[in-house]
Amino acid sequence: MKFFASLLRPGDVFKPDHEVWRFLFVMTCFGIGFGCFGGVMTNYLVEEVKMQDTAMRGVLEFFRELPGLFLIVILALLAKRDEWWIVRLGLSISMIGMVGLFFAPPQMAVATALIVMWSLGEHILMPVRSSITMHSAKPGQEGGALGVVAGLGSLGTIAGSMMVVGIFYVIKRFGFAGRTGFNTVFALVFVLLVIGLLISLTVKKGHAEHVKRPHLYFRKKYNKFYILEIFYGARKQVFFTFAPFMLVKFYGMDTEHLALLAGLCAGVNIFCGPIAGWIIDKIGYRKVMIWDTVFLMAVCIFYGYADKMFGREIAFWVVCVNFVLDAIITNASMATNVYVREISDSREELTSTLSTGISVNHLISILVALVGGWVGLKYGYGILFSISAFMALMNTLFALTIPKTGKAA
């Protein structure tokens, strides 16, 4: 099928005059590193840092999301730099975080600071990755191009997750302490980022375009996009922060099994990423925005109340299935990027608007992290995920206000 073929033949959706392979290779390197780090972070916090409850997890997430909140300011300071220079900066900053985690003692304050460093690099990459992808795409193939990048990112996450599984299997088999496994993963992520950085340095100057980014960019025609980003930031924060924490603390999932579950999610998304992009191109971003949150509400209910609906053992598997469904639904967030691409007037405007959108959804994310951690501690996971279901409902209702033509109101 066309959307699977595009994953193997990027030339079907990307312009021939762009150094597509270098870009995709760098994103894959980062995807593998992301998979490795994501596969161990929650268990590292619980087992090494001794994080005990959702409130502490919410506090860490508050700080981890701050780079996203201030992203528009950070990129404004880099207004004279081209997009590939910013890609290199993001990779370099994340490298510093990995080196710190390797050498530093597992203390809450230190771990928080270093995870924030990793997060800063990750967030710097977000808007320029989307912008490079869509402006490298053939006309009308923006969704497909985003799907290819998402699919390759998932492939990288599978590789990273399986590396974590293998590392911890060997570590436990030979009787080494858990910290040895975590440090091995941190070192591996560092090497992957170095490889990605070196490849990015080979991009020819003619392809490293400079895109002007204003210091602050709010326009009335993007109001719907900003509001959608608020709803998205609220509901995704609950899943990203508290779903894996619940699996580790409440259901006792160990590092290699959580990494295996993350790898399964990424494996499914190798296909679902391109499919989502293809669906966006075929039926339109508006319908995708509406229906993804309808499915998400059901996921929220099972996350929050599986232990009450079923026995604990069955509930564990229900939550694992939910984890995979949650990962699939996340692909629909590409629809908002395509929406902005359609109504933007220039590449500069697109990059700035995407950056502003990330900052907007992180404003609510950091508040949800703090409040959600407190709610989870005081009232339990059921109420926490019920709030997320409400955010999904509001997202659906607001998406209905977007004109059917896909044009700005």
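Nothing in this text is a laboratory measurement; each read-out follows from the coordinates by a stated rule. Everything numeric here is computed off the predicted structure, so don't read it as measured data. Note: ideal-geometry Cβ built from the backbone for every residue, glycine included; neighbour counts use all protein chains shown.
Structure data summary
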item	result
Three semi-axes of the equivalent ellipsoid, the chain, Cα gyration tensor, whole Å, largest first	31, 26, 20
Dipole of the chain, positive direction: furthest Cα of Gly35, Phe310, His362, with charges on the beta-carbon	His362
Set of region 223-248 residues, backbone N closer than 17 Å to the point 7 Å along the Cα-Cβ line of Val73	none
In Hz, Karplus ³J(HN,Hα) per residue of region 361-373 (6.51, -1.76, 1.60; θ = phi - 60°; x = Gly, Pro)	6, 7, 4, 6, 4, 5, 6, 5, 4, 5, 5, x, x
Cβ-based charge dipole, region 227-380, positive-most Cα from Ile328, Ala234, Ala259	Ala234
For region 68-202: relative contact order, % (alpha-carbon pairs under 8 angstrom, 6 or more apart)	33
Cα-centre dipole for region 101-213 with unit charges at Cβ (Lys and Arg positive, Asp and Glu negative), debye to 20	120
Amide H contacts of Ala137 (H built 1.01 Å from N, under 5 Å, at least 5 apart or other chain)	Lys15
Electrostatic dipole magnitude of region 61-151 [Cβ: Lys, Arg +1; Asp, Glu -1; Cα centre; debye, to 20]	200
Table column - 3J(HN,Hα) (Hz), region 83-94, Karplus curve with 6.51, -1.76, 1.60, x for Gly and Pro	5, 5, 5, 5, 4, 5, 5, x, 4, 5, 5, 5
Lysine pairs within region 258-409, Cα separation less than 22 Å, 8 or more sequence positions apart or different chains	5
Estimated vicinal HN-Hα couplings, Hz - region 307-324 in sequence order (Karplus 6.51, -1.76, 1.60; Gly, Pro = x)	5, 8, 7, 10, x, 4, 5, 5, 4, 4, 6, 4, 5, 4, 4, 4, 4, 5
Trypsin sites (Lys or Arg not before Pro) lying in DSSP loop within region 45-143, provided at most 13 other Cβ fall within 10 Å	Lys50, Lys80
Contact order normalised by residue count of the chain, Cα under 8 Å, 6+ apart, percent	30
Within region 125-168, backbone nitrogen closer than 14 Å to the virtual label 7 Å beyond the Cα of Phe176 toward Cβ	164-168
At R0 = 30 Å, FRET efficiency that the Cβ-Cβ distance of Thr401 and Phe310 yields, to 0.05	0.20
For the chain, size of Cβ-based charge dipole, Lys and Arg +1, Asp and Glu -1, in debye	680
Förster radius 51 Å - calculated FRET efficiency between Asp254 and Ile283, Cβ distance, rounded to 0.05	0.80
